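Report on one structure; see the data block that follows.
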Amino acid sequence: MAYIIKPLVTEKMTGVTEKQNNKFGFIVRPDANKVEIKKEIEAKYNVNVVSVNTMRYNGKAKSRYTRAGLIKGRTDAYKKAIVTLKEGETIDFYSNI
């Protein structure tokens, strides 16, 4: 198990969730497939998952100028899953705060 790394709580994903109350985003392990993601979310959050859409993001090259000179780096690659729940169900990410 443990295919879910963390829930995706960004401005863009919050906008999607507000438009469609049954869609939520998660950062998942790159080797996870849709069936494994569905099983883990149903077990962890006690909801019924209708569908799972996944997408991969490549890391991007970044550079910045500092007093010490040019610093080059790379952001991490990751996989994102958009989960659609059964109508009327929701996940509250802020209940444990």
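See the values below:
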quantity: Within region 2-27, tally of residues that are farther than 17 Å from ASP92 by Cα and touching a helix residue (DSSP H, G or I) at 6+ places or on another chain (Cβ under 6 Å); calculated: 1
quantity: Qualifying residue in region 30-37 (condition: open to solvent by 90 Å² or more (accessible area, probe 1.4 Å), closer than 14 Å to ILE82 by Cα and charged (D, E, K, R)); calculated: yes
quantity: Candidate set: region 8-29, residues that are over 13 Å from MET55 (Cα atoms) and basic (Lys, Arg); chosen: the one least open to solvent (accessible area, probe 1.4 Å); calculated: LYS23
quantity: Residue list for region 48-97, restricted to those being among the hydroxyl-bearing types (Ser, Thr, Tyr) and more than 18 Å from TYR3 (Cα to Cα); calculated: SER63, TYR65, THR66, THR75, THR90, TYR94, SER95
quantity: Among the residues listed as ASN58, ASN33, ASN22, ASN53, the single one being polar (S, T, N, Q) and in contact (Cβ under 8 Å) with a residue 40 or more places away in the chain; calculated: ASN22
quantity: Among the residues listed as VAL47, VAL52, the single one being open to solvent by less than 60 Å² (accessible area, probe 1.4 Å), more than 17 Å from ASP76 (Cβ to Cβ) and part of a loop (DSSP other than H, G, I, E, B); calculated: VAL47
quantity: Residue among TYR78, TYR94 that is exposed (fewer than 12 other Cβ atoms within 10 Å of the Cβ) and hydroxyl-bearing (Ser, Thr, Tyr); calculated: TYR94
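The values are calculated or read from the model by the stated rules, or taken from the named source; none is laboratory data. Quick caveat: nothing in here was measured; it's all calculated off a predicted structure. Note that each Cβ is placed from the backbone with ideal geometry, even for glycine, and that neighbours are counted across all protein chains shown. Side chains are part of the model used for accessible areas, which takes the heavy atoms of the whole protein and leaves out ligands, DNA and RNA. Shrake-Rupley method; radii C 1.70, N 1.55, O 1.52, S 1.80 Å.
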